[in-house]
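See structure below.
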C-alpha cells in the first residue's frame, strides 16, 4: 500500500496520560513503562500530521494521534510536554532536552502549517 507519509521528526519518550481519578500521570498502556520511539509523520498529499509512538522494547504501537488545527501544545518542563483533546490529556516524558526541543519545534511547525491552511482559500 503506497503512502505519502514521511517521518519529519523522531524522539525517545515515555507516553503518558493524565488519570483524573488518581490525579497522576500514568503510562498510556497499563504496565507499559519505558521509552517509545515517537515520530511525527507528515502526509504530503493531504497535508496532515500525526504522532505515532512505538515501544522500543516490543514494537507495540502506544499512540497514533492525528494532530488537529488549534491543538494546544504545552511545554510544561524542558523534558515533559503535553496536549489535550476532549477526552484525555497526553504527556511525553522525553529522554533528553535535545529530543524534546526537536519534537516541540516540529510539532509547532505542523500546528503553524495547519493553522495557515485555510488562510487563502475562498469558501
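The values are calculated or read from the model by the stated rules, or taken from the named source; none is laboratory data. Predicted model only: the values in this text are computed from it and were never measured. Ideal geometry is used to build each Cβ from the backbone, glycine not excepted, and the neighbour counts take in all protein chains shown.
When you look at residue 8, is it part of a strand (DSSP E or B), within 11 Å of the chain's Cα centre (by Cα) and touching a residue at least 24 places away in the same chain (Cβ under 8 Å), yes or no? No, not satisfied.
A count restricted to region 11-23 and to residues that are free of Cβ contacts under 8 Å to residues at least 24 places away in the same chain and assigned to a strand (DSSP E or B) stands at 1. Looking at 69, 29, just one residue is in contact (Cβ under 8 Å) with a residue 24 or more places away in the chain, within 15 Å of the chain's Cα centre (by Cα) and more than 20 Å from residue 7 (Cβ to Cβ), and that residue is 69.
Rundown of residues vs (1) modelled with pLDDT under 95; (2) out of contact with any helix residue (DSSP H, G or I) (no Cβ under 6 Å at 6 or more places or on another chain); (3) over 23 Å from residue 32 (Cα atoms), yes/no style:
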{"site": "86", "(1), (2), (3)": "yes, yes, yes"}
{"site": "91", "(1), (2), (3)": "no, yes, no"}
{"site": "95", "(1), (2), (3)": "no, yes, no"}
{"site": "99", "(1), (2), (3)": "no, yes, no"}
{"site": "104", "(1), (2), (3)": "no, yes, yes"}
{"site": "109", "(1), (2), (3)": "no, yes, yes"}
{"site": "112", "(1), (2), (3)": "no, yes, yes"}
{"site": "120", "(1), (2), (3)": "yes, yes, yes"}
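Residues are listed down the side, and each one gets a yes or a no for (1) under 13 Å from the mean Cα position of the chain (by Cα); (2) without any contact (Cβ under 8 Å) to a residue 24 or more places away in the chain; (3) surrounded by 12 or more Cβ atoms within 10 Å (Cβ to Cβ):
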{"position": "73", "(1), (2), (3)": "yes, no, yes"}
{"position": "86", "(1), (2), (3)": "no, yes, no"}
{"position": "89", "(1), (2), (3)": "yes, no, yes"}
{"position": "95", "(1), (2), (3)": "no, no, yes"}
{"position": "104", "(1), (2), (3)": "yes, no, yes"}
{"position": "111", "(1), (2), (3)": "yes, no, yes"}
